[in-house]
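Student: Input: one structure, supplied below.
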Amino acid sequence: MLNNTSTKVMESLLREIAKFGTAYVKRIYGDWTNPQMNTWKKLLNDFAVLPIQQFSYTTGKNSTDTALIIDAMDLLYTDKFDGFCIVSSDSDFTRLAHRIRQNGLVVYGFGKKTTPKAFVSACDRFICTDLLDVDTENLGNEIVQENIPVEINNTQKKDKKLNKLLKNASDSVVGDDDKTVNLGTLNQQLLKLDSSFDPRAYHCKKLGELLKSTGLFIVEGNNVTLK
């Protein structure tokens, strides 16, 4: 369900969504009588996205928010879906994300890096649309090649917030006797601690590459050990 997004990210956005499953219902909300929406028309046909008309009854008020929320609740009560993707940088959908998750469904949020923290945290996973041009594989299933050296990045090595997040995630999933953790398991824990975590934000295509660049971890295949 799309609201307040740009035509520039449509293809990469749908490619990203496809990593999580099949999008059976694809809708975008707006006032299609507005000439500014003309650039969307070809894209909607190309990607089979259904435009939902919502007139702008009052200047300065976004009536599409309400329409999206009502439709989302209607779809929720059909009990036919496993999750929702909400594409917006608007904090007004925070309560909607909470409500969907209360029913046991997964919520994937997509928006700009300026998206309010409340909406970001309300999602199981939040992907910054500014990062979608980076071509990357599924982080949870990646295998890092052992013989390819990765240079330690001083910027990431000094990033206290990043290092704290990585260490906390690692400490949460390692055993008492074994300090080694599976790369996919670590990635899942990172997303639990920070739904917006994405190696692409640190100019790394994969999680293993990011871990190596901090100089804090030893990565061998799918195994990660804190130094």
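The values are calculated or read from the model by the stated rules, or taken from the named source; none is laboratory data. A quick note: this is a predicted structure, and the numbers were derived from the prediction, not measured. Cβ coordinates were reconstructed from backbone atoms using ideal geometry, including for glycine residues, and neighbour counts include every protein chain displayed.
Student: Residues of segment 47-58 being at pLDDT 70 or above and at negative phi, which ones?
Tutor: Correct list: Phe47, Val49, Leu50, Pro51, Ile52, Gln53, Gln54, Phe55, Ser56.
Student: Determine, yes or no, whether Lys61 is at pLDDT 85 or above, in a loop (DSSP other than H, G, I, E, B) and among the basic types (Lys, Arg).
Tutor: Judged against the criteria, Lys61 is not a match.
Student: If you go through segment 210-227, how many residues are touching a residue at least 60 places away in the same chain (Cβ under 8 Å) and in contact with a helix residue (DSSP H, G or I) (Cβ under 7 Å, 6 or more places away or on another chain)?
Tutor: 5
Student: Filter the strands (runs of 3 or more DSSP E) completely within segment 176-227 down to those with at least 1 residues that are modelled with pLDDT under 90.
Tutor: Output list reads 180-182, 223-226.
Student: Does any residue of segment 163-170 turn out to be in contact with a Cys (Cβ under 6 Å, 6 or more places away or on another chain), of a type in the set (S, T, N, Q) and closer than 25 Å to Gly111 by Cα?
Tutor: The answer is no; no qualifying residue exists.
Student: I would also like to ask the following. Scan segment 76-87 and tell me whether some residue there is out of contact with any Ser or Thr (no Cβ under 9 Å at 6 or more places or on another chain), assigned by TED's automatic domain parsing to the domain that holds Phe119, farther than 27 Å from Lys192 by Cβ and of a type in the set (D, E, K, R).
Tutor: Checked segment 76-87: no residue is out of contact with any Ser or Thr (no Cβ under 9 Å at 6 or more places or on another chain), assigned by TED's automatic domain parsing to the domain that holds Phe119, farther than 27 Å from Lys192 by Cβ and of a type in the set (D, E, K, R).
Student: For Arg15, which of the numbered conditions (1) part of a helix (DSSP H, G or I); (2) within 23 Å of the chain's Cα centre (by Cα); (3) surrounded by 15 or more Cβ atoms within 10 Å (Cβ to Cβ) fails to hold?
Tutor: Of the numbered conditions (1) part of a helix (DSSP H, G or I); (2) within 23 Å of the chain's Cα centre (by Cα); (3) surrounded by 15 or more Cβ atoms within 10 Å (Cβ to Cβ), the odd one out for Arg15 is (3).
Student: Within the set of pairs 6+ apart or on separate chains, which have a first residue in segment 28-49 that is of a type in the set (Phe, Trp, Tyr), a second that is part of a helix (DSSP H, G or I) and surrounded by 15 or more Cβ atoms within 10 Å (Cβ to Cβ), and C-beta atoms under 7 Å apart?
Tutor: Filtered contacts from segment 28-49: Tyr29/Thr64; Tyr29/Ala67; Tyr29/Leu68; Phe47/Met10; Phe47/Leu14.
Student: Residues that are among the basic types (Lys, Arg), part of a loop (DSSP other than H, G, I, E, B) and loosely packed, with under 12 Cβ neighbours inside 10 Å: does segment 33-50 have at least one?
Tutor: Checked against the condition, which is being among the basic types (Lys, Arg), part of a loop (DSSP other than H, G, I, E, B) and loosely packed, with under 12 Cβ neighbours inside 10 Å, segment 33-50 yields no hits at all.
Student: Something else now. In segment 65-116, which residues are surrounded by 17 or more Cβ atoms within 10 Å (Cβ to Cβ), assigned to a helix (DSSP H, G or I) and small (Gly, Ala, Ser)?
Tutor: Ala67, Ala72, Ala97
Student: Quick check: is even one residue across segment 122-135 assigned by TED's automatic domain parsing to the domain that holds Ser89, surrounded by fewer than 16 Cβ atoms within 10 Å (Cβ to Cβ), β-branched (Val, Ile, Thr) and modelled with pLDDT of 90 or more?
Tutor: So far as segment 122-135 goes, no, none of its residues is assigned by TED's automatic domain parsing to the domain that holds Ser89, surrounded by fewer than 16 Cβ atoms within 10 Å (Cβ to Cβ), β-branched (Val, Ile, Thr) and modelled with pLDDT of 90 or more.
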